[in-house]
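Please read the structure below before turning to the comments.
The values are calculated or read from the model by the stated rules, or taken from the named source; none is laboratory data. Remember, it's a predicted structure, so these values are computed and weren't measured experimentally. For neighbour counting, all protein chains shown are included, and Cβ atoms are generated from backbone atoms with ideal geometry for every residue, glycine included.
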């Protein structure tokens, strides 16, 4: 079996310390204003009062936004250009002349988002600096010796801020103990492998459902959001610990692929005598870079008799 493993783009998600939250909240409001301006300007250009319409690109919006940095105290021209580029990309993706507005205040406000270019973010001692503001992050040692690309600051539903940086890392494949392993997804057990290992279905949400209900009845919205985040983290940790033990090719049955409904899985198993024997789908899993990608060159001769065609499209 020959597997070609390319370089992996890993997005580091580092939590920002709380002393920078006030500055980030103010900068997020300015980003929302730029987004709404681009949304309104592009909509008027696409559907003018008279004459043919024109779909403004990111470069067109940058020319119209020249000199807008005098109106803002926290963001610069690089951030404005990143917002225009992102808006142009999403409008072209969804094929709409107008996207949703970004709301800065109220119950239905949009979560904070501050994009930036790679040249904006610089190291300064034990902290990072952007647009004249220095801030600190947890797990700063992950950035040592790394060159990042264009990233952003993102806010979660609890109100915490995270620094998201795409970093290119070389992946060195290790020798797998076996050539392939089969996975059977179930309901009582989340997954069972052909080696006999099982991942029991954890009741991560059900175990704290009573606490969530009590927090919601008392009106403690922030506490309820933290409990929901705790359940999601526990679920993600359990899946990561189970999958990181395997450095080999995984064979999924077509009926047991992720995303299949439990009803479809039960019906397929009943038709096949309790065992899923659909056409297998070959996926190479690299736990050290937390990504899955189809191999460029792969040939397997086993009970499934599966062969993967050469492909270079990676998938996270």
If I filter segment 168-180 for residues that are under 28 Å from residue 124 (Cα atoms), out of contact with any helix residue (DSSP H, G or I) (no Cβ under 8 Å at 6 or more places or on another chain) and surrounded by 13 or more Cβ atoms within 10 Å (Cβ to Cβ), do I get at least one hit?
yes
May I ask you to verify whether residue 33 is in a helix (DSSP H, G or I), assigned by TED's automatic domain parsing to the domain that holds residue 143, modelled with pLDDT of 95 or more and farther than 30 Å from residue 146 by Cβ?
yes
Among the residues of segment 98-111, is any within 17 Å of the chain's Cα centre (by Cα) and within 23 Å of residue 233 (Cβ to Cβ)?
yes
Out of (1) outside any strand (DSSP E or B); (2) farther than 30 Å from residue 103 by Cβ; (3) modelled with pLDDT of 85 or more, what's the single condition that is false for residue 192?
(1)
State yes or no: is residue 9 under 24 Å from the mean Cα position of the chain (by Cα), within 30 Å of residue 142 (Cβ to Cβ) and surrounded by fewer than 18 Cβ atoms within 10 Å (Cβ to Cβ)?
yes
Residues of segment 130-167 being in contact with a strand residue (DSSP E or B) (Cβ under 6 Å, 6 or more places away or on another chain) and over 28 Å from residue 105 (Cβ atoms), in sequence order, are 138, 139, 142, 146, 148, 149, 165, 166, 167
Here the qualifying pairs (Cβ atoms under 8 Å; residues six or more apart or on different chains; first in segment 106-135 and within 21 Å of residue 83 (Cβ to Cβ); second exposed (fewer than 10 other Cβ atoms within 10 Å of the Cβ) and modelled with pLDDT of 95 or more) come out as none
Are any of the residues in segment 19-38 surrounded by fewer than 17 Cβ atoms within 10 Å (Cβ to Cβ), at positive phi and over 24 Å from the mean Cα position of the chain (by Cα)?
no
Quick check on segment 195-211: of everything there that is surrounded by 15 or more Cβ atoms within 10 Å (Cβ to Cβ) and closer than 13 Å to residue 231 by Cβ, which residue is modelled with the lowest pLDDT?
202
